1. Measuring with a 1.4 Å probe in the full set of protein chains, what accessible area per residue, in whole Å², belongs to the stretch 69-215?
2. Report ³J(HN,Hα) in whole Hz for each residue of the stretch 107-124, in order, from the Karplus equation J = 6.51 cos²θ - 1.76 cosθ + 1.60 where θ = phi - 60°; Gly and Pro get x.
3. With a cut-off of 8 Å between alpha carbons and a minimum separation of six or more residues, what is the relative contact order of the stretch 89-222 in percent?
4. Let me make sure I get this right: for the stretch 74-143, a, b and c are the square roots of the gyration tensor eigenvalues over alpha carbons, sorted descending. Under 1.5 in a/c it's rounded, otherwise prolate if a/b > b/c, else oblate. Which is it?
5. Starting from a Cα-only point model with no solvent, please compute log10 I(q)/I(0) by Debye for the stretch 133-215 at q = 0.11 1/Å.
6. What is the stretch 69-215 by shape, rounded, prolate or oblate, if you read a ≥ b ≥ c off the alpha carbon gyration tensor as root eigenvalues and call it rounded for a/c under 1.5, prolate for a/b larger than b/c, and oblate otherwise?
7. From the backbone phi of the stretch 201-215, what are the Karplus-calculated ³J(HN,Hα) couplings (6.51 cos²θ - 1.76 cosθ + 1.60, θ = phi - 60°) in whole Hz, Gly and Pro given as x?
8. Carbon and sulfur atoms: what percent of the 1.4 Å accessible area of the stretch 69-215 do they account for?
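The values are calculated or read from the model by the stated rules, or taken from the named source; none is laboratory data. No experiment lies behind these values; they were computed from the predicted model shown. Surface accessibility is based on the protein's heavy atoms, side chains included, excluding ligands, DNA and RNA. Shrake-Rupley method; radii C 1.70, N 1.55, O 1.52, S 1.80 Å.
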Amino acid sequence: MSHPGPQWQQPQQPPPYPQQGYPQQGYPQQPYAQYPQAQPYAQPYPQPFPQQGYPQGPAGPLTLPGWGTLPVVAGVIATVVGMFALPWGGDLYFTDLRDLASVSRDGFTGHYLSWLGFLALAVLPVGLLPWTLGAARTTRSAGLVTGNWGRRLTWASFGWYRTTFVLRGLIAAIIHFVGLLNLTDGELGTLAAGPWVLLSGCVLAAIGGGIGPRKGPGLPRE
């Protein structure tokens with residue numbers, strides 16, 4: 001008689017632990033604190049160093065080289081040639097007149113021959129040429145080039161500055177003309193080519209000073 005094999009029995013599971021849960025107490029839902037939204041700054045950050053002087057305009061130089069450079073350069077060349085390379089009367093040059101003992105060194109004639117004529121000659125390359133070359137690039141350099149610190153260089157004052165440079169060239173021409181009148185006692189017909197080329201160069205440079213430089217991108221409107 002066969003005995004039945006062992007019957008596999010499923011292991012008995014331990015009894016579940018009694019649910020000893022705590023009473024479910026709902027925690028009150030605390031709403032998140034409503035933080036105020038950041039407001040955009042109504043004003044930009046303060047500058048650490050306050051800007052002094054004129055308000056800042058667009059970037060760039062105030063002036064650029066202009067067409068006025070051409071007549072000024074031509075005028076400077078003409079004045080130098082007329083004063084030193086061409087005769088003033090007969091075979092006499094300006095340097096000969098300075099060396100003549102018979103020429104009076106008193107009064108305007110003496111000052112013109114000794115130093116005033118050279119000063120009038122230097123007005124053109126020193127006083128007009130940097131202006132037309134656009135050397136007035138900043139407010140500071142504009143004061144140095146123009147010699148005017150009281151009036152700002154702007155679009156509105158540009159015409160006024162042009163007029164001042166025309167006057168510089170004409171003042172140089174007047175100095176030379178008065179010197180020639182005193183030197184010849186009013187007999188301008190006795191003069192050779194040198195003085196006339198000199199005067200023409202002064203007028204030509206004055207025209208170039210009136211044309212002036214071009215307005216740069218940094219030139220303020222007012």
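1. That works out to 48 Å² for each residue.
2. Values per residue, Gly and Pro as x: x, 5, 4, x, 5, 5, 6, 8, 8, 5, x, 5, 5, 5, 5, 6, 4, 6 Hz.
3. Working: 133 pairs, mean separation 43.2, N = 134.
The normalised contact order for the stretch 89-222 reaches 32 percent.
4. Oblate is the answer for the stretch 74-143, as a/c is 1.5 or above yet b/c matches or exceeds a/b.
5. So the normalised log intensities are -0.40.
6. The shape class here is prolate.
7. x, 5, 5, 5, 5, 5, 5, x, x, x, 5, x, x, 8, 6
8. On the way: 4700 of 7020 Å².
Whole-percent figure for carbon plus sulfur exposure: 67.
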